[in-house]
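K.L.:
Mind having a look at this structure? Questions to follow.
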Amino acid sequence: MSTLVFLLVGVGLVVMSLHALFVHTHLLRQVLAINVLGTGVFMVFIAWGSQSPTPHADPVAQALVITGIVVAVSATALALALALRIKQTTGRATLSEETEE
Amino acid sequence: MDWVLEASALSLFGPMGLALDLLLAAGLLWLAWRVLYSPDLFLSVVLFISFGLLVSLAYLRLRAPDVAMAEAAIGAALTGTLLLYTLRHMGVPIEPPRLAQHRLLTGLALLMSAGLGWAILTMPGFSDGLVVQVTQHLPQSGVEHPVTAVLLNFRAYDTMLEVAVLLLALVGVWAVSSTELRLPAPSAVLRGMVSVLLPPGLLVGGYLLWVGAYQPGGAFQGGAVLGGLLVLLFLAGWRALAAGWLLRLALGAGLLAFLAVGVLAMAGGSLLEYRLEAAKNLILFIEFFVALSVAATLAMLLLGRPGSAGEQQP
Amino acid sequence: MSLELALILLGMPFFLAGTVGLLRFPDLLSREHAVTKADNLGLGLVVLGLMLGAESVLLAVKLFLIWIAVLVASATVAQLIAHTVIDAGSETGGGS
Amino acid sequence: MSELPWIVWVVLTPLAGALLAFLWPAQGVRVALLAGLGTGVAVLGLSLQLAQLGAQRYAVGAWDPPLGISLYADGLTAVMLLMTLLVFAPTLVYARAYFKQTAHLFWSLGLFLWAALNALFLSGDVFNLYVTLELLGLSAVALTALGGQSQALVAAYRYLLASLLGSLSYLLGVGLLYAEYATLDLQTLGQVIGLDPASAVALALMATGMLLKTALFPLHFWLPPAHASAAAPVSALLSGLVVKGSLYLLLRLWLEFFPETTVPASSLILGLLGAGAVVWGSWQAIRARRLKFLVAYSTVAQLGYPFLAFPLLAAGWDALAALVYFMLSHAAAKAAMFLAAGSVLRAFGQDRLAELHGLLRVLPLSVAAFILAGISLIGLPPSGGFVAKWLLLEAAFATGQWGWALVTLLGTLLAAGYVFRILTRALEDTTLSDRPSPVPRSMELTALLLAVASLLLGLVALPVLGLLEVGR
């Protein structure tokens, strides 16, 4: 039963973060949205894996999510370094609609 | 540790377990909503850290302690610290967020999520084909804990590329950021706390690394704990390893160990194939260096680029 | 069994008091004071209750160590926040 | 040729090179060129092995799927690896002259990119493909942001968000497939996958993720600024190779999950989007005011052609050959153009088309590179582009779907339009006002070499297509 609850939580997180990602313009809010989206996807993985008959949840799903978390923190670190540099060079905390010139 | 697992396996809570799950689920969704849409960005970041901790609680409820530890240490603590550090240097915006109207993309998102919900609900039952295979081959993996067996033996190639991704992210951050290693002046209180926390911290990090072979734990969780400790050390004014080739060696140690063991294994077999009797030691050898480089990388991601003298800026 | 439950239940109001203190008190320093003191005491009681219920001595020691770690961490953080508030020169009534 | 496991060295050499370039920054250039040489030998060794012994499957750690991860190499993989080698080698030589300091981070990031591409082409496991996609995306973003000016940083950030969204969408699809079939091996999935709702949604998610990372029209918004504002050798790698990685993955999933017989209706959508990309990209390229933006929009257009071939895959061999040859010839031609554009930028400090008169007198080799690469982009014989378009037309006529042939011809005209925009200005004989700064000879020569290669691809079509048939 707890599987279904957390599966729906995962889907809910994906929906909310997708909407937030498209709607927000501030750099940090977009990074937050990507992180929540990743957490939603991992929640679906582990919720499904928790039905495994073994004492812990499905070990392969756990290994995939641990790999996913490390990849997510790497991407977040790069995104935040970029966001900081953009703010320092352009003075704006949002993506400037730059033209070609 | 086993006692906590039993508790989360509903034995203590019994029917109360479902109530706890629903409470946790509601808390997660409400916190996520606040994180994504609260007008104050600083509040969003702080709530993101508590959201991460609640998520690791959910993973405990789903009987995935390894992931719970990784989520708490890396997902909540470290990502939260990175966010706070960046927010402090970018400045908290005064005006509430201007919501750009993306009717099309929002529609696409809702459509995709409806499909997702529908797909999950019409999913056939849990097929444990792979889980049975993992438990069958566990004795040949050299470790007793299935997650570590999958991470460092059955799917070791994935983990090698993942360690490469972490190192790549660091090189990317160095390529982008120009901030020198700017650390605040160390305060006596922090120095005192670090001297108290250092020995048990190292012990916990090492224990997590070692226990990974038998119980939930392992290189990434241990590395994250040691990484947090390293950050404390830097904040408390310890500069010894802050630059130069020794730092680079520590950062690249994980990938180096993986490549070395992987290639040596090819002499007698295929890539990353450990002979049964040497498997345990090889896995521990790799895990030690991976934990070392995870700790160094996570700390350096936070502390910015060391201006080592020998190498000009790009 | 009943003693553990009693201790854990005894710890609950302290958490509640800490949170109420956090929301209600006027300035940062007193809010911080409330949270640090009340929650740590509440946690102490809960940990004591869990320790009685733990089936191995080793586990009881681990639980105790958790409490000690939280004590050290919260005390230090409280000090650091307090220093920054005072260094920033904002009068005790201000602060976000 | 020999029992040496080339398939492993193709991934390990660039990865080890990237690590060494990171550990020993002062020798970055030498390490990169050495690793490049080693990877080239490994790729050639593997290709020869494939041609002689047929497709290869390599179980990493001797754990057979579904438990372990398997590397898989067939003709398609070999052509992709050769394409990567063909573009990477000259670009590394070009970069040696382009970046003045030796201890530059480009070398480590570039080798990480090469390792990611090779690992992506060789992987036979759906989750491992996700990790290689992330490795590819992060290295591409880091390389784009290497320049440091604000325009490059903004473009890199938008590129990173699009890449992460694509990867997470792909990962969600992998999660659904794993939940249903309890296996992550591509080949096993290909045999057991059905068309029930969950699998359909999973494939839709994976395909959407790949379309976003391949920047297919209308999801192309992040590509032009990223490819135009990156450093010249980086733009060549991005336009020539990186977008091909996710396109290859989409093709591999298509071939594994949809046997030639059943081509789903969704291929029509891909074809229409491809047609839109060709028209819209060419139109933007014609209107572009700066050289690098023109070349970047040309990438958006040229990426449309392979998608025209998707609905024709039921026609069997010709369509697949056309699709792969489009990728191959575009990689060489586009890389040559970006490298030549880099030489122009180095000489004049800016690349506004209005002020680029009389290039012939100053940079004759670069103009020659533009001409030859232009021929391949337009698709005139004997270039690789011509062979690809010829195969596509054959497949279109064989299945009676005239529409795609019309779009191809229209695209050819539009491509001629924007290529001649460059050439008419470059060949004018007026003398330039400001003194152009000197451009290292090796930069111009490598651009010309790549342009000639894209031309010769037309002549070597038969052996390459022969190699493509291995394992089909």
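K.L.:
How many residues does the range D:196-215 hold that are facing another protein chain (nearest Cβ under 10 Å) and assigned to a helix (DSSP H, G or I)? Walk me through how you get there before you give the answer.
P.N.:
Step one: list which residues in the range D:196-215 are facing another protein chain (nearest Cβ under 10 Å), which gives D:196-202, D:204-205, D:208.
Within this subset, residues satisfying the condition of being assigned to a helix (DSSP H, G or I) are D:197-202, D:204-205, D:208.
Going through the range D:196-215 one residue at a time, the tally reaches 9.
K.L.:
In addition: Given the structure, is residue A:30 open to solvent by 10 Å² or more (accessible area, probe 1.4 Å) and more than 7 Å from chain B (Cβ to nearest Cβ)? Give the derivation first.
P.N.:
Values: open to solvent by 10 Å² or more (accessible area, probe 1.4 Å): yes; more than 7 Å from chain B (Cβ to nearest Cβ): yes.
It is true that residue A:30 is open to solvent by 10 Å² or more (accessible area, probe 1.4 Å) and more than 7 Å from chain B (Cβ to nearest Cβ).
K.L.:
Give the residues of the range D:205-228 that are of a type in the set (Gly, Ala, Ser), in contact with a Gly (Cβ under 7 Å, 6 or more places away or on another chain) and open to solvent by 10 Å² or more (accessible area, probe 1.4 Å), sorted by residue number. Let's see the steps before the verdict.
P.N.:
Filtering the range D:205-228 down to residues of a type in the set (Gly, Ala, Ser) leaves D:207, D:209, D:215, D:226, D:228.
With the extra rule that they be in contact with a Gly (Cβ under 7 Å, 6 or more places away or on another chain), the set shrinks to D:209.
Result: no residue meets the conditions.
K.L.:
For the range D:22-58, give me each residue that is buried (at least 19 other Cβ atoms within 10 Å of the Cβ) and within 24 Å of residue B:254 (Cα to Cα).
P.N.:
Within the range D:22-58, D:22, D:25, D:28, D:29, D:31, D:32, D:35, D:36, D:39 qualify.
K.L.:
How many residues are at pLDDT 90 or above and either open to solvent by 10 Å² or more (accessible area, probe 1.4 Å) or more than 7 Å from chain B (Cβ to nearest Cβ) (or both) if we restrict to the range A:50-66?
P.N.:
Residues flagged as at pLDDT 90 or above and either open to solvent by 10 Å² or more (accessible area, probe 1.4 Å) or more than 7 Å from chain B (Cβ to nearest Cβ) (or both) within the range A:50-66 amount to 2.
K.L.:
Now, a different point. Just a yes or no: is a residue in the range B:132-150 closer than 28 Å to residue A:53 by Cβ, within 7 Å of another protein chain (Cβ to nearest Cβ) and touching a residue at least 60 places away in the same chain (Cβ under 8 Å)?
P.N.:
yes
K.L.:
Out of all the residues in the range D:352-388, which are within 29 Å of residue D:408 (Cβ to Cβ) and within 14 Å of another protein chain (Cβ to nearest Cβ)?
P.N.:
Matches in the range D:352-388: D:353 only.
K.L.:
Using beta carbons and a limit of 8 Å, which pairs, at least six apart or on different chains, have the first residue in the range B:213-239 and closer than 14 Å to residue B:300 by Cα and the second one hydroxyl-bearing (Ser, Thr, Tyr) and surrounded by fewer than 19 Cβ atoms within 10 Å (Cβ to Cβ)?
P.N.:
Once the first residue is closer than 14 Å to residue B:300 by Cα and sits in the range B:213-239, its partners that are hydroxyl-bearing (Ser, Thr, Tyr) and surrounded by fewer than 19 Cβ atoms within 10 Å (Cβ to Cβ) give B:231/B:81.
K.L.:
Here is a further query. Kindly establish whether residue D:449 is open to solvent by 10 Å² or more (accessible area, probe 1.4 Å) and modelled with pLDDT of 90 or more. Write out each step before concluding.
P.N.:
Working: open to solvent by 10 Å² or more (accessible area, probe 1.4 Å): yes; modelled with pLDDT of 90 or more: yes.
Criteria met by residue D:449.
K.L.:
Going through D:352, D:346 one at a time, which residue ends up being more than 23 Å from the chain's Cα centre (by Cα) and surrounded by fewer than 20 Cβ atoms within 10 Å (Cβ to Cβ)?
P.N.:
Values: D:346 fails: surrounded by fewer than 20 Cβ atoms within 10 Å (Cβ to Cβ).
Sole residue among the options that is more than 23 Å from the chain's Cα centre (by Cα) and surrounded by fewer than 20 Cβ atoms within 10 Å (Cβ to Cβ): D:352.
K.L.:
Separate question: Restricting to the range D:289-305, what's the tally of residues that are in contact with a Phe, Trp or Tyr (Cβ under 7 Å, 6 or more places away or on another chain) and more than 10 Å from chain A (Cβ to nearest Cβ)? It would help to see each step written out before you state the result.
P.N.:
From the range D:289-305, those in contact with a Phe, Trp or Tyr (Cβ under 7 Å, 6 or more places away or on another chain) are D:294-295, D:298, D:300, D:304-305; that's our starting set.
Pick out the ones that are also more than 10 Å from chain A (Cβ to nearest Cβ) and you get D:295, D:298, D:300, D:304-305.
The number of residues fulfilling the criteria is 5.
K.L.:
So residue D:461 fits all but one of (1) buried (at least 19 other Cβ atoms within 10 Å of the Cβ); (2) within 21 Å of residue D:294 (Cα to Cα); what number is the exception?
P.N.:
(2)
K.L.:
Look through B:169, B:175 and report the one residue that is more than 28 Å from residue B:69 (Cβ to Cβ), open to solvent by less than 30 Å² (accessible area, probe 1.4 Å) and within 10 Å of chain D (Cβ to nearest Cβ).
P.N.:
Details: B:169 fails: more than 28 Å from residue B:69 (Cβ to Cβ).
The match here is B:175.
K.L.:
Let me ask something additional. Conditions: (1) within 22 Å of residue D:327 (Cα to Cα); (2) crowded, with 21+ Cβ neighbours inside 10 Å; (3) not aliphatic (A, V, I, L, M). Residue D:366 meets all but one. Number of the miss?
P.N.:
So residue D:366 meets the others, but not (1).
K.L.:
List, please: which pairs have Cβ atoms under 7 Å, are six or more places apart or on different chains, and start with a residue in the range B:81-94 that is within 9 Å of another protein chain (Cβ to nearest Cβ) and end with one that is charged (D, E, K, R)?
P.N.:
Listed pairs, sorted by first residue: B:90/A:87.
K.L.:
Another question about this same structure. Within the range D:100-121, count every residue that is more than 17 Å from residue D:328 (Cα to Cα) and either surrounded by 24 or more Cβ atoms within 10 Å (Cβ to Cβ) or in contact (Cβ under 8 Å) with a residue 12 or more places away in the chain (or both). Full working, then the answer.
P.N.:
First, pick out the residues of the range D:100-121 that are more than 17 Å from residue D:328 (Cα to Cα): D:100-113, D:115-116, D:119.
Cutting the leftovers down to either surrounded by 24 or more Cβ atoms within 10 Å (Cβ to Cβ) or in contact (Cβ under 8 Å) with a residue 12 or more places away in the chain (or both) gives us D:102-113, D:115-116, D:119.
Going through the range D:100-121 one residue at a time, the tally reaches 15.
K.L.:
Then there is this: What is the residue count in the range D:143-195 for residues that are more than 9 Å from every other protein chain (Cβ to nearest Cβ) and among the hydroxyl-bearing types (Ser, Thr, Tyr)?
P.N.:
The qualifying residues number 4.
K.L.:
Only one of A:36, A:41, A:23 is under 25 Å from residue B:127 (Cα atoms) and either in contact with a Leu (Cβ under 6 Å, 6 or more places away or on another chain) or more than 7 Å from every other protein chain (Cβ to nearest Cβ) (or both); which?
P.N.:
Working: A:36 fails: under 25 Å from residue B:127 (Cα atoms); A:23 fails: under 25 Å from residue B:127 (Cα atoms).
After applying the criteria, what remains is A:41.
K.L.:
Are there any pairs, at least 6 apart or on different chains, whose C-beta atoms fall under 8 Å, with the first in the range D:215-232 and modelled with pLDDT under 90 and the second among the acidic types (Asp, Glu) and not in a loop (DSSP other than H, G, I, E, B), and if so, which?
P.N.:
From the range D:215-232, no pairs qualify.
K.L.:
Here's another thing I want to ask about it. Just checking, which of D:92, D:82 is surrounded by fewer than 24 Cβ atoms within 10 Å (Cβ to Cβ) and either in contact with a Phe, Trp or Tyr (Cβ under 6 Å, 6 or more places away or on another chain) or closer than 17 Å to residue D:8 by Cα (or both)? Write out each step before concluding.
P.N.:
On the way: D:92 fails: either in contact with a Phe, Trp or Tyr (Cβ under 6 Å, 6 or more places away or on another chain) or closer than 17 Å to residue D:8 by Cα (or both).
Going through D:92, D:82 in turn, just one is surrounded by fewer than 24 Cβ atoms within 10 Å (Cβ to Cβ) and either in contact with a Phe, Trp or Tyr (Cβ under 6 Å, 6 or more places away or on another chain) or closer than 17 Å to residue D:8 by Cα (or both): D:82.
K.L.:
Here is a check on your reading of the model: is residue A:72 under 17 Å from residue B:220 (Cβ atoms), open to solvent by less than 10 Å² (accessible area, probe 1.4 Å) and either more than 7 Å from every other protein chain (Cβ to nearest Cβ) or touching a Pro at 6+ places or on another chain (Cβ under 7 Å) (or both)? Let's see the steps before the verdict.
P.N.:
Details: under 17 Å from residue B:220 (Cβ atoms): yes; open to solvent by less than 10 Å² (accessible area, probe 1.4 Å): no; either more than 7 Å from every other protein chain (Cβ to nearest Cβ) or touching a Pro at 6+ places or on another chain (Cβ under 7 Å) (or both): yes.
For residue A:72, the condition - under 17 Å from residue B:220 (Cβ atoms), open to solvent by less than 10 Å² (accessible area, probe 1.4 Å) and either more than 7 Å from every other protein chain (Cβ to nearest Cβ) or touching a Pro at 6+ places or on another chain (Cβ under 7 Å) (or both) - is not met.
K.L.:
Would you please list the contacts, defined by Cβ atoms under 8 Å and residues six or more apart or on different chains, that run from a residue in the range D:143-160 that is of a type in the set (Lys, Arg) to a residue that is part of a helix (DSSP H, G or I) and open to solvent by less than 10 Å² (accessible area, probe 1.4 Å)?
P.N.:
Pairs that qualify, where the first residue is of a type in the set (Lys, Arg) and the partner is part of a helix (DSSP H, G or I) and open to solvent by less than 10 Å² (accessible area, probe 1.4 Å), are D:158/D:226.
The values are calculated or read from the model by the stated rules, or taken from the named source; none is laboratory data. Just so you know, these numbers come straight off a predicted model, no measurement behind them. Ideal geometry is used to build each Cβ from the backbone, glycine not excepted, and the neighbour counts take in all protein chains shown. Ligands, DNA and RNA are stripped out before the accessible areas are found, and what is left, the full protein with its side chains, is counted by its heavy atoms. Shrake-Rupley method; radii C 1.70, N 1.55, O 1.52, S 1.80 Å.
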